[in-house]
Amino acid sequence: MKITASDVNKLRQATGAGMMDCKKALEESGGDFDKAIEVLRKKGQKVAANRADRESSEGVVLAKVNSDNTSGIIISLNCETDFVAKNDDYVQLAQRLSDHALGFTDKESFLDSDFEGMKVSEKLLEQTGIIGEKIEIGSFEHISASFVGSYIHAGNKIASIVGFSENFDNAGDVGKDLSMQIAAMNPVAIDENGVSQEIIAKEIEIAKDQLRQEGKPEEMLDNIAKGKLKKFFKENTLINQQFIKDSKISISQYIKGFSESVEVTDFSRVGI
């Protein structure tokens, strides 16, 4: 059977595979379009198996919020090289996947869902075969709230989302500002109550070690370490941090300027 340029182009449009790969797949499948897609998928599985131990430490991180601003997600589409991560087709794939991800609250159901004629997990295998690098969903984060804001840092390497207890005037601007704060300052929790005991114990021990090196008496260490812990909370919990756009006020003061009753309920940040 003769494989026409039109057949090859049709398969290329459907799968995103290269022209020669599409031609070979059609030849191998005797011109059967569906079988040719299977050939390309199997090639993806083969490449994926060969690259399973590779590090997919580059990629694209995107945040999306639904139309009524009550649900937001962050996903990272990971690959092996920055060269691939900057490719327009790769970024567009990440955009389509993140749009699709808005309908899900966890990574497992997202990977198992139908996307462009196959499961998301199968699409990733297909793209691994096409691109020749390990392609996978690295992070999947979801939050729901009365209002969710988001921010994607230039270059698609960091994204963040934040949830508020209520929708209020200027919530969109405040949500973007707080998401930008989260992206830039990487807080460990909303406030001191959200900091794990493990982190607290670690910070106290670090502070005591520093004080010992400075020659402070052992009986003074606990009180001084508690003071250092307060500083840690101020610098590393979201609502206590200085606002990056106005260092004279804290994030808590900034929010209360718009609504006395609003609270931050959740946030997430992904960097690559």
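Observations, loosely collected:
- Put simply, of 129, 155 the only residue that is modelled with pLDDT under 95, under 16 Å from residue 57 (Cβ atoms) and outside the structural domain of residue 251 (by TED's automatic domain parsing) is 155.
- Test result for residue 246, within 28 Å of residue 149 (Cβ to Cβ), among the acidic types (Asp, Glu), surrounded by fewer than 17 Cβ atoms within 10 Å (Cβ to Cβ) and not assigned by TED's automatic domain parsing to the domain that holds residue 168: yes
- Among the conditions (1) part of a helix (DSSP H, G or I); (2) over 24 Å from residue 5 (Cα atoms); (3) at pLDDT below 95, residue 100 misses just one, which is (3).
- The sole residue among 106, 88 that is under 18 Å from residue 140 (Cα atoms) and either loosely packed, with under 15 Cβ neighbours inside 10 Å or within 18 Å of the chain's Cα centre (by Cα) (or both) is 106.
- The range 190-205 - residue that is loosely packed, with under 11 Cβ neighbours inside 10 Å and farther than 16 Å from residue 238 by Cα and, of those, farthest from the chain's Cα centre (by Cα): 201
- Options 248, 202, 231, 208: the member that is in contact with a helix residue (DSSP H, G or I) (Cβ under 8 Å, 6 or more places away or on another chain) and basic (Lys, Arg): 208
- Count of the range 160-174 residues which are surrounded by 13 or more Cβ atoms within 10 Å (Cβ to Cβ) and part of a loop (DSSP other than H, G, I, E, B): 4
- Answer residue from the range 242-272, given it is in a loop (DSSP other than H, G, I, E, B) and aliphatic (A, V, I, L, M) and is farthest from residue 154 (Cα to Cα) among those: 262
- Checked against (1) outside any loop (DSSP other than H, G, I, E, B); (2) more than 24 Å from residue 37 (Cα to Cα), residue 105 passes all but a single condition, namely (1).
- Close pairs from the range 34-52: first closer than 11 Å to residue 127 by Cα, partner at pLDDT 55 or above and among the acidic types (Asp, Glu), Cβ under 6 Å, at least 6 apart: 41/126; 44/126
- Residue match in the range 178-196 (condition: over 19 Å from residue 66 (Cα atoms), outside any helix (DSSP H, G or I) and acidic (Asp, Glu)): yes
The values are calculated or read from the model by the stated rules, or taken from the named source; none is laboratory data. None of these values were measured; they are calculated from a predicted model. A quick note on method: Cβ atoms are made from the backbone with ideal geometry, for glycine too, and the neighbour counts reach across all protein chains shown.
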